[in-house]
Each structure stands twice: as structure tokens, then as C-alpha cells.
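Engineer: Here it is: the structure, laid out below.
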Number of protein chains: 2
Amino acid sequence: MNYSRQREQILEYVKSVKTHPTAETVYQKVREDNSNISLGTVYRNLDRLSRDGYLLRIKMANDKDRFDGDVSKHYHAVCTHCNQVFDIFTNYLKDTDDKVSKELNCKVLSHDVIFNIICPDCERGF
Amino acid sequence: MNYSRQREQILEYVKSVKTHPTAETVYQKVREDNSNISLGTVYRNLDRLSRDGYLLRIKMANDKDRFDGDVSKHYHAVCTHCNQVFDIFTNYLKDTDDKVSKELNCKVLSHDVIFNIICPDCERGF
DNA sequence: CATGAAAGTAGTAATTGTTACTATTTTTAG
DNA sequence: CTAAAAATAGTAACAATTACTACTTTCATG
């Protein structure tokens, strides 16, 4: 993979925030430093970076994909009102893949968990 | 909610299968009985039926939504090769919503789990 | 029953998030 | 340096879904 400034900027931005930005948001933010970057480049590199393990792609139900600079195994919670995404580091299910593997008698690669929540901000009225 | 034949046919079809069909598949199948039904009607009613709790909408990562006539709490496994979706009835996490609720200090409505698997058929070569 | 307002539909157009394409520019091994 | 490989910008295309509109069906009420 050859170096590109655009990819570096994209990775740096996503790693620097905890907001789980969408491709569009990454585009807007990187454009503040590099007004020439194109949306296609952002999509292409987010895809590449997540396929190669530098980023996590969070596929949201009926919403745009989000990206996470924290590639450690953890879950996510999404507020059903404002769509903000939060990390959940506890309660990771270590043995579940094995259990399901025995149950279905097949190879289990990974699992994803999403909690549907109402975040504190939205709870206290908005 | 007023009666409609289309909605009845849609619900009946999804309830009758364990294949977790997409909207397009539901459209094709219902059309065998009712060649006048339109795709928009299928989308509209699948949405309505799942929002009202008659069906489950399974939002697949980077793939079309699937629908499940079994509205009991359970998880799903999707084969990363053939995209088939399977039900997983065991290992449902009863207390997890409460734990996450305490952790984030917010209301947790529900959670979804998807296991990424390689199904037996695909495993034995395809 | 008749009726008319509310709810639903068919068919099509529009939208949205994402991917593909092409000509040009950048990277990098030799 | 230089040329092949890789990457980009900008635009067009795509696929899944939603919105719109004119027409049809449902159903509570007289």
C-alpha cells in the first residue's frame, strides 16, 4: 500500500475522535485541512483502512456506516433519538462464539452487538 | 389500522417461512398470489408491521434488510459467504441491558446480536 | 344499504449512501 | 531521473429504500 496524504489524514482524524464519524463527517473534517480531497477518496480509504484492520466499520441498522479508531473488541450503543454512538467496553462475550459454533455446528468468525438506548442528553428532554 | 389484503398476504408469507426474506423476496412471493401488488406497498407494510411488533426487521450490515416472522427475543447468524440468515435461540442475554444501563447511566431499550459465520453448506465447499 | 372521509394502493419519481469509472497526479523501486 | 504502479479528483452510476400522486378500498355512521 503506497503512502498517500489523504489516507494519512483520514486515519489520523478517525483515530483522534471518539465520535464514530460517518464517511461524510470524515470528508467534512479532513477538508478543513485539505480542501481538495474528494468524497470518493474518503469512502475508498475508509473501506481499505477498515478491511486492513486500522479502523473499525460499524454498520448501523438503516443508517450510514460509522467508523471507529479503536479497533479493540468492544460493542456499541446507539441513541434511538439522536443517533449518537457510544463505546461499551465491559461485558464482552468471550465464549459466545464457541457456544454458537457448537450450537450451529459451524465456524463462527465474530459477532457484533448493538444496544439501542436513549442517551442521557435525549432522556432529559431535547 | 384498516384491513388490507396486501398487508395480510405479506404478514402471512413472512410468518410462514424461516428464511428471513428481503423486501424484494417478499414482493416476488406475494406476487405469485396477487400479481397487482407493488413493491412500494411491500416496503411500506413491512415497515409498518415491524414497527408495530408483528414482524422483526433484521438490519444487515451492508446488505438489504431481512424480515423475521418470529418476534420472540433471539439472535441471528449470517453466513459471510452465501448471506443466509439463521436463528439462534439459545444464549440470550437477559441481564445485559440492565448492566449496560448502569454502565452508561441511561435507558437501554434492546440489543441486537449478529454472528458472522460460515454455514455448513459453504464450509464443505461450494 | 348508502356514503364519504380516512386509510391504503399502484406505479413512478426522487433520495440517499455508496461504488465505479476515467483522465490525471503522486509515489516509489531501480 | 524515470516509468510502472498506485492513488486521486470529479463525476456518473447504482441499489435499496422512501416519497409522491392519482386512484381505490375500507368501514363507521346515518
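The values are calculated or read from the model by the stated rules, or taken from the named source; none is laboratory data. As the structure is a prediction and not an experimental result, all values here were calculated from the model. Cβ atoms come from the backbone with ideal geometry, glycine included; neighbour counts cover every protein chain shown. These accessible areas exclude ligands, DNA and RNA; they are computed on the full protein's heavy atoms, side chains included. Shrake-Rupley method; radii C 1.70, N 1.55, O 1.52, S 1.80 Å.
Engineer: Limited to the stretch A:1-16, what total is found for residues that are open to solvent by 40 Å² or more (accessible area, probe 1.4 Å) and either assigned to a loop (DSSP other than H, G, I, E, B) or within 8 Å of DNA strand C (Cβ to nearest atom) (or both)?
Structural biologist: Total meeting the criteria: 4.
Engineer: Any chance you could count how many residues in the stretch B:53-73 are more than 25 Å from A:Arg66 (Cα to Cα) and assigned to a loop (DSSP other than H, G, I, E, B)? Let's see the steps before the verdict.
Structural biologist: To start, the set of residues in the stretch B:53-73 that are more than 25 Å from A:Arg66 (Cα to Cα) comprises B:53-55, B:68-73.
Next cut, assigned to a loop (DSSP other than H, G, I, E, B) only: B:53-55, B:69-73.
Of the residues in the stretch B:53-73, 8 are more than 25 Å from A:Arg66 (Cα to Cα) and assigned to a loop (DSSP other than H, G, I, E, B).
Engineer: Now for a different question. Restricted to the stretch B:45-66, and to residues that are over 14 Å from B:Asp112 (Cβ atoms) and open to solvent by less than 30 Å² (accessible area, probe 1.4 Å), which residue is nearest to DNA strand C (Cβ to nearest atom)? Break it down into steps so the answer makes sense when it comes.
Structural biologist: Step one: list which residues in the stretch B:45-66 are over 14 Å from B:Asp112 (Cβ atoms), which gives B:45-49, B:51-55, B:62-64.
Retained after the next criterion (residues that are open to solvent by less than 30 Å² (accessible area, probe 1.4 Å)): B:45-46, B:49, B:55.
Working: B:Asn45: 6, B:Leu46: 11, B:Leu49: 11, B:Leu55: 14 Å.
The selected residue is B:Asn45.
Engineer: Sticking with this one: Pick out the one residue from B:Asp47, B:Asp98, B:Asp87, B:Asp65 that is at the interface with chain A (Cβ under 9 Å from one of its Cβ atoms) and either acidic (Asp, Glu) or in contact with a Pro (Cβ under 9 Å, 6 or more places away or on another chain) (or both).
Structural biologist: After ruling out the rest, the residue left standing is B:Asp65.
Engineer: Has the stretch B:67-76 got any residue that is surrounded by 19 or more Cβ atoms within 10 Å (Cβ to Cβ) and within 16 Å of DNA strand C (Cβ to nearest atom)?
Structural biologist: Checked against the condition, which is being surrounded by 19 or more Cβ atoms within 10 Å (Cβ to Cβ) and within 16 Å of DNA strand C (Cβ to nearest atom), the stretch B:67-76 yields at least one hit.
Engineer: Considering the stretch B:11-25 alone, what residues qualify as being free of Cβ contacts under 8 Å to residues at least 24 places away in the same chain, of a type outside the set (Val, Ile, Thr) and under 21 Å from B:Met60 (Cα atoms)? Step through it out loud before you land on a result.
Structural biologist: At the first step, the residues of the stretch B:11-25 found to be free of Cβ contacts under 8 Å to residues at least 24 places away in the same chain are B:12-13, B:25.
Now narrow it down to the ones that are of a type outside the set (Val, Ile, Thr): B:12-13.
Result: B:Tyr13, single match.
Engineer: Those residues that are out of contact with any Phe, Trp or Tyr (no Cβ under 9 Å at 6 or more places or on another chain), surrounded by fewer than 16 Cβ atoms within 10 Å (Cβ to Cβ) and not in a loop (DSSP other than H, G, I, E, B), I need them from the stretch B:87-108; list them, please.
Structural biologist: Across the stretch B:87-108, the qualifying residues are B:Asp98, B:Lys99, B:Lys102.
Engineer: A follow-up question, please. Suppose the filter is surrounded by 15 or more Cβ atoms within 10 Å (Cβ to Cβ), modelled with pLDDT of 95 or more, outside any loop (DSSP other than H, G, I, E, B) and at negative phi; does A:Val113 pass it?
Structural biologist: Working: surrounded by 15 or more Cβ atoms within 10 Å (Cβ to Cβ): yes; modelled with pLDDT of 95 or more: no; outside any loop (DSSP other than H, G, I, E, B): yes; at negative phi: yes.
Taking the combined requirement at face value, the residue does not satisfy it.
Engineer: Now a separate question. Out of B:Gln28, B:Gln84, which single residue is open to solvent by 60 Å² or more (accessible area, probe 1.4 Å), touching a helix residue (DSSP H, G or I) at 6+ places or on another chain (Cβ under 9 Å) and more than 21 Å from A:Met60 (Cβ to Cβ)?
Structural biologist: B:Gln84
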